[in-house]
Amino acid sequence: MRKVVSQLKMQDRELVCKDRSGKYRPVFKKQGSLDGACATYSVIMDLLILGVIYEADTHINAEHKSPMTKKLFKVFCNDNGMHREGQTFFKITRMLKESFSEVITPDHQLTEGWSSVGRIVDCIKNDIPVIVSTEDHSMLAVGYETAAGVPSKILCLDPSGDYIHGRKRWNTEIDLYEGKKTMSYRSVIEGLPFEDKVHLEDIIILIKN
């Protein structure tokens, strides 16, 4: 069985969701177009899926339409721009509380491994994406698959990769092997085979107020 958050749709071979305008807009943000950190892109894609920001406001030279969106980009991209040394989920959560608490409530949970999987699955069942940490990288979990009733894959939008236009609603899978207690991170982008062992760590859940 497969479940992907219902907000994500394919429209003219493009992955879209309804942004704050209520219109379908592109979702995927590739690392390098706004800032230097994978966590920034995961946050922005999450906020688009939740419908609390305008997609047009995510363009690097956009004149942000609302004071809240302007403050969000000031905190993430101006005051803390590029994130060259990376940011902990503690700091990402604090920045969200500083800049966007009128609209969303960030919930940082100190989970890891299979406890993270359980929380991710519970959220996606309720159409809530989850920002996930795999030690030194961040992605946005938007779906999962089960085999014999047990979670077998976490489906993610990985900002460090490319999006496959007109095909899947995700570009990376985390394969779960409960028997071996290992997890494997695998790109599903054609022509870019990649696989590595990963460990799921803490997560951030954004709840729309």
* To do: Give the carbon-plus-sulfur fraction of the accessible surface of the stretch 1-158 in %, rounded to a whole number; probe 1.4 Å, heavy atoms of protein chains only.
  => 47
* To do: Go through K29/K125; K9/K168; K3/K168; K23/K125 and tell me which ones have a Cα-Cα distance over 19 Å in this structure.
  => K29/K125; K23/K125
* Could you tell me which of rounded, prolate or oblate describes the stretch 1-157, using a ≥ b ≥ c as the square roots of the eigenvalues of the alpha-carbon gyration tensor, with rounded for a/c under 1.5 and, failing that, prolate when a/b is larger than b/c and oblate otherwise? => oblate
* Post the alpha-carbon centroid distance, the stretch 115-181 to the stretch 49-71, in whole angstrom. => 26
* Peptides 5-18, 161-174: what's the order by average Cβ count within 10 Å, highest mean first? -> 161-174, 5-18
* Structure fact -> For the K74, V150 Cβ pair and Förster radius 45 Å, calculated FRET efficiency rounded to 0.05 is 0.55
* Sort 57-63, 107-113 for me by packing, meaning the mean count of neighbouring Cβ atoms within 10 Å per residue, highest on top. => 107-113, 57-63
* Asked: By its C-alpha gyration tensor, with a ≥ b ≥ c as the square roots of the eigenvalues, how is the stretch 84-141 shaped: rounded for a/c under 1.5, else prolate for a/b larger than b/c, else oblate?
  -> oblate
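The values are calculated or read from the model by the stated rules, or taken from the named source; none is laboratory data. The shown structure was predicted, so the numbers you read here are calculated from the model rather than taken from an experiment. Positions of Cβ are backbone-derived with ideal geometry, glycine not excepted, and every protein chain shown enters the neighbour counts. What goes into the accessible areas is simple: the full protein's heavy atoms, side chains included, and nothing from ligands, DNA or RNA. Shrake-Rupley method; radii C 1.70, N 1.55, O 1.52, S 1.80 Å.
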